[in-house]
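One structure below.
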Amino acid sequence: MTAADAKTAALLDRASGYDYHQGPMTVPQTNPGDFWSIECIDLYKSFGSNRVMNGLNVGIPEGMITVILGPSGTGKSVLLSHLIGLMFPDKGDILVHGESVPRMKQARLLEMRRKFGILFQDGALFGSMNVYDNVAFPLRQHTDMSEEQIKDVVMRRLDEVGLANGAETRSPAELSGGMKKRAGFARALVLEPQIVLFDEPDSGLDPVRTALLCQLIEKVHAENGGTYVVITHDIASARRIGEYIAVLWKGRIVQSGDRDDMFDSPNPFVRQFLAGNPGGPLGME
Amino acid sequence: MTTSSENPDPATRLPVDAHGARGAVAEDAAPRADHREAWETLIDVFEQAGDEPRIAEPIGRIEQVVLLRSLDLDGSGVLLVCRGGRLEVVDRDGASEQPTIELALRTPEIEKLAVGKLRTAMAIADGRATYAGPVRQFLRVLPLVQAMVNPPVAMGTNTDDELVEEIA
Ligand SMILES: Nc1ncnc2c1ncn2[C@@H]1O[C@H](COP(=O)(O)OP(=O)(O)O)[C@@H](O)[C@H]1O
Ligand SMILES: [Mg+2]
């Protein structure tokens, strides 16, 4: 652990221990999934003696871009796997649109996953296919659309992410890191998902390319609506696109809320963490 | 149709410490005319959205009739008929349609929504707006309307264009 990481860890420990009690949810839902797109309720998950989730609670609001923010190794990817039923909790429940994921039968789980588009860390493109075929893949796999219809959708999505030129000739290996992510984003969108998950979309990108990708995410969200969940350790990205922010530390959410509430948090340690200044006055002791 | 404050199912509630929501409702000091003006601005926004196929088409695919009401005005509100790829704003009085969703807002939230800045799910979660029915269906497409009046920063406007070219 670097000295900076140690300071962040110390700050987040203090943020978790701060005795500010967040306001109650004043409005219960009439039915599960009324306005939360995803609800994680008291999740526990261990790998052997490594407890990764330790009573994690968070609601992901519909129609907004949510950022789940936490340092590396805090269980962000593990949480993401739980949302789509690739991992199951030891205890607790995950509701997607009000429906319990751990309780789904296999067939329902496969259907449920089609609500999601996922942008994996490296774009997860098939190296043997050109960019066009990569983006067309989910349509060929999951729909009976004609090649003509597929071309329509694929070109629209590639255009949306600024990759329409040369998609049929370029292979993923010829793309820069930022372009790979764009191609992965186009592929995540072709089945018109209601929820789009991004696992560290900013990893491996310099600050300017990260800013551009964030703008693209905002633009595509504005054009399509739905729930976007961005998982990152980058506070700058969270600040840029998070409309709703949840801070993850030691298997729990330290605080979550509307971005204005978060940057204005009564918890001084959360404020200092979001200010990107772990070595500041509060972390010094 | 019940409102959200009736018939709460405790089993579906998230534990209270999971959220930073606040219950405070803005003080109501605005004169009536301001309530009316904010409301009419919002109706204009939805009418404009209805005229814009790029926005109306996806909204019109949710197949819901949304009753939109002001909590600060008397009157029955309007219906947003979202059906068959079209979005139509119709007066509730005399309409044959029955709403499937209801969303009721106070003037401060109406003003924010009309300029594309309301985080509507949060407004509901912390009690500044009330709802009934499967409101999530409407929240899902609301960003399209909000972006119409409050577009996100355009690609490349705050970075140098050469780089945009290079990575686009
Ligand atoms: N399949 C697995 N088996 C065992 N341990 C795992 C597995 N996946 C993740 N972990 C552990 O869970 C913790 C959180 O990992 P991860 O979710 O990848 O962190 P993050 O994405 O926040 O960087 C780490 O300690 C990691 O070693
Ligand atoms: Mg990870």
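The values are calculated or read from the model by the stated rules, or taken from the named source; none is laboratory data. Here the structure is a predicted model, which is why all the values come from computation and not from measurement. So basically every Cβ, Gly included, is an ideal-geometry build from the backbone, and we count neighbours across all protein chains shown. For accessibility, only protein heavy atoms count, side chains too; no ligands or nucleic acids. Shrake-Rupley method; radii C 1.70, N 1.55, O 1.52, S 1.80 Å.
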**Report entry** Accessible-area composition of chain A, carbon plus sulfur, in percent [1.4 Å probe]
**Finding:** 50 percent
Report task. Place a label point 7 angstrom from the Cα of residue A:126 along the Cα-to-Cβ direction, then list the residues of the range A:170-201 whose backbone nitrogen is under 17 Å away. Result -> A:170-174, A:183-191
Requested in this report: With unit charges on the beta carbon (Lys/Arg positive, Asp/Glu negative), name the residue among A:61, A:126, A:47 whose Cα is farthest towards the positive pole of the charge dipole of the protein assembly as shown.
Outcome: A:47
Report summary line: Expected integer from the mean partner chain Cβ neighbour count at 10 Å over A:221-232 is 4
Report summary line: Rounded to whole Å², per residue accessible area for the range B:35-147 with a 1.4 Å probe reads 39 Å²
Query raised in the report: If packing is taken as the mean number of other Cβ atoms within 10 Å per residue, what is the order of B:123-129, A:158-164, A:212-218, highest first?
Result: B:123-129, A:212-218, A:158-164
Query raised in the report: Rounded to a whole number, what % of the accessible area of the range B:35-147 do carbon and sulfur atoms account for, probe 1.4 Å?
Result: 42 percent
Requested in this report: Report the FRET efficiency, 1/(1 + (r/R0)^6), for residue A:1 and residue A:145, where r is their Cβ-Cβ distance and R0 is 60 Å, rounded to 0.05.
Outcome: 0.75
Report summary line: Shielding of A:247-256 by other chains, given as the mean Cβ count within 10 Å, works out to 1
**Report entry** Globularity ratio of the protein assembly as shown, using Cα Rg and 2.2 N^0.38 Å
**Finding:** 0.98
Report task. Tell me what chain A gives for mean residue ellipticity at 222 nm when only DSSP H runs of n ≥ 4 count, each as -39,500 (n - 2.57), the sum divided by the residue total, rounded to 500 deg cm²/dmol. Result -> -11500 deg cm²/dmol
Requested in this report: Give me the accessible area per residue for chain A, probe 1.4 Å, as a whole number in Å².
Outcome: 40 Å²
Query - Chain pair A, B: total accessible area buried, heavy atoms, 1.4 Å probe, Å² - result: 4600 Å²
Query raised in the report: Near the amide H of residue A:67, under 5 Å away, which other amide H atoms are found, from residues 5 or more places off or on another chain, if H is placed in the peptide plane?
Result: A:230, A:243, A:244, A:245, A:246
Report task. Assuming a ≥ b ≥ c are the square roots of the Cα gyration tensor eigenvalues, decide whether the range B:96-143 counts as rounded (a/c under 1.5), prolate (otherwise, with a/b larger than b/c) or oblate. Result -> prolate
Report summary line: Between residue A:196 and residues 5 or more places away or on another chain, the pairs with built amide H atoms under 5 Å apart involve A:117, A:227, A:228, A:229
